[in-house]
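What follows is a set of notes on a single structure, which appears directly below.
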Amino acid sequence: MSYILTIDIGNTRAKYAVFCGENLIETATFNPYNNDLKDVIKKHPQIKKAILSSVGGKVEECLNQLKEIEIITLSGKTPLPFKLKYEDTSQVGSDRLVAVAAAMAEKPNQNSLIIDIGTCITYDILTSDNYHLCGPISPGINLRFKAMNDYTAKLPLCSPSNDDVKIICNSTEECLHAGVIGSISFEIEGFIKSYSNIYDNLNVFIIGGDNIFFENKLKNCIFANANFTFNGLRYILNYQ
C-alpha cells in the first residue's frame, strides 16, 4: 500500500498525519520553521505524495522541506470530489474544503452540515447530490472573550471551560462564560434548525479544536474525532 503525508496548518497549530492506505500510521504537531517535515520523510521514505491545507500561511516553509516528493497545495482550484458553488472559488478556505470532503467520505450521498468551531466558526453544507454550499462565518470562543476584554475597560479576559452555562450568574467570569458559550450554543442550534428545514435527514458534524466545549450542550450531532480533517485530506488526495 502507498504511503501519503497530509498536512493541516490552522491559525494556531500545524499538524501532519502519515497514512498507509486508509490506516493512520502517525500524527503530530510540528513547527513549519524547523525541519520537522524533512524528518518525517526521512522516517517514512515510502512517502511519495503529500497534500497541504493552510489557512495560517507558512506554505513556502513547508514546500521547501518537501521538494523530493509530489505535493498538492489545496485550494478551490484543486480537483474536488464535489461541486463547489461559490462566486470566486479561490476565496474558499481550504479548511472548509477538507471538512466537506471528510463528511463525504463518512456519509456519502447524504445531506450534511459541517460546523467547525475553531478560531472562527464556519458552517458548510454538502448536499446529497454532492454540491458544497458555503455558510456563515462567526467569531469563535476565544475571539469573543478577547473582544470583550479588548473593547471594555473592566471586563477580564476569560478562558473557556466545560462548566454548565448558567443564566443566573454569581461572578463576572460566570457572566462572560455564559454569554460566550451560551450564545454560541444558541447560534449553532438556530442554524441547525434553519438548515434542517431545507435539507432532509441532515447529518450534523461538529468539528474543530473547540468542539470539546459543546459535547454535552448540543444534541443529535456527530462530534468528529481528531483525525476527521486528515481523512478529508486523504480523500481529496486519492481523488487526484
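Where a number appears in this text, it was derived from the coordinates with a stated rule and is not lab data. All figures in this text were calculated on a predicted structure; none of them were measured in a lab. When we count neighbours, we look across all protein chains shown, and the Cβ atoms used for this are built from the backbone with ideal geometry, even at glycine.
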Whose amide H sits under 5 Å from the amide H of L84, counting only residues 5 or more places off or on another chain, with H placed in the peptide plane? H132
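What percent do you get for the relative contact order of the range 62-120 when only Cα pairs under 8 Å and 6+ apart count?
Relative contact order, the range 62-120: 25 percent.
Starting with the fewest neighbours, write out S2, S53, S112, S196 ranked by other beta-carbon atoms found within 10 Å of each beta-carbon.
Working: S2 11, S53 29, S112 25, S196 15.
Placing the least packed residue first, the sequence is S2, S196, S112, S53.
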Where the Cα atoms of the chain are projected onto their three principal axes, how long is each span, largest first, in whole Å? 58, 43, 32
To the nearest 500 deg cm²/dmol, what mean residue ellipticity at 222 nm is calculated for the chain from DSSP H runs of n ≥ 4 alone, each contributing -39,500 (n - 2.57), summed and divided by the residues? -9500 deg cm²/dmol
Over 22 Å between alpha carbons, listed pairs K15/K83; K166/K219; K85/K146; K38/K58: K15/K83; K85/K146
What residues have an amide H closer than 5 Å to that of I25, excluding those fewer than 5 places away on the same chain, when H is modeled at 1.01 Å from N in the peptide plane? V18, F19, C20
Mind giving me the nanometre distance, one decimal, between the label points for Y33 and L143, set 7 Å out from Cα along Cα→Cβ? 2.4 nm
For A50, which sequence-distant residues (separation of 5 or more, or a different chain) have an amide H within less than 5 Å of its own amide H, given hydrogens modelled in the peptide plane? L5, E70, I71, I72
Around Y86: net Lys/Arg minus Asp/Glu count, Cβ-Cβ under 13 Å: +1
Only Cα pairs under 8 Å and at least 6 apart count here; give the relative contact order of the chain as a rounded whole percent. 19 percent
Using a Förster radius of 35 Å, what is the FRET efficiency between N170 and N197 based on their Cβ-Cβ separation? Nearest 0.05, please. 0.40
